[in-house]
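First up is the structure itself, then whatever we jot down about it.
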Amino acid sequence: IRENASAALSGRTEDEIIGHVAWYIQYLHRCEAKKRLINEWKECKDVDIKREILADAKDVDKCGNNNTDDSKQKEKEDFINQQKKKAAVQVWREEREIAELKEQKEKEKKRQNEAKIKEKDSIKRTKIR
């Protein structure tokens, strides 16, 4: 693999290639860890909000003020839904960013391969003359 990468990335040393691969693997691991932590945070947040709603519901039963508590519960549910939508948008943005980075890498790789092919063709043409 190193030989193929070195051949494909002429102008880069083997150490630079190995360093970049190590960095990229670490980057991918951190992205996955970030996603996992965000999901864990969202779950904890949802549990906390549900506990608050249940506690408020118990207080409503004790006090008998259903109208104000219903509006509070509705507000909390709206807040929960809004937070879920924000989190979903954030996840979508992160996934889109990762996809764009991958696409850019693919384009760069394709461009480098095309440049390499052109270079080989020009060398062949030079040898033929």
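Points worth noting:
- Residues of the stretch 75-115 with amide N under 20 Å of the 7 Å Cα→Cβ point at I53: 75-89
- Per-residue ³J(HN,Hα) for the stretch 86-95, Karplus 6.51 cos²θ - 1.76 cosθ + 1.60, θ = phi - 60°, Hz, x for Gly and Pro: 4, 5, 5, 5, 4, 4, 4, 4, 5, 5
- Residues I38 and E3, FRET efficiency given R0 of 35 Å [Cβ-Cβ distance, rounded to 0.05]: 0.35
- Nearest 10 degrees, 0 to 90: helix 14-63 Cα axis against the chain principal axis: 10
- For K42, the lysines whose Cα falls under 20 Å of its own Cα, not counting residues fewer than eight places away in the same chain, are K34, K50, K74, K76, K84, K85, K86.
- Each residue, I17 and A115, gets one label point 7 Å from its Cα in the Cβ direction; the gap between the two is 1.5 nm.
- Taking 0.36 nm per residue of separation and subtracting the current Cα-Cα distance, fully stretching the chain between K45 and Q104 would add 17.7 nm.
- The chain: Cα Rg divided by the 2.2 N^0.38 Å rule of thumb: 1.97
A short reminder: the numbers here are calculations on the coordinates, not readings from a lab. Keep in mind it's a predicted model, so treat the numbers as computed, not measured. Here the Cβ is made from the backbone with ideal geometry for all residues, glycine too, and neighbour counts use every protein chain on show.
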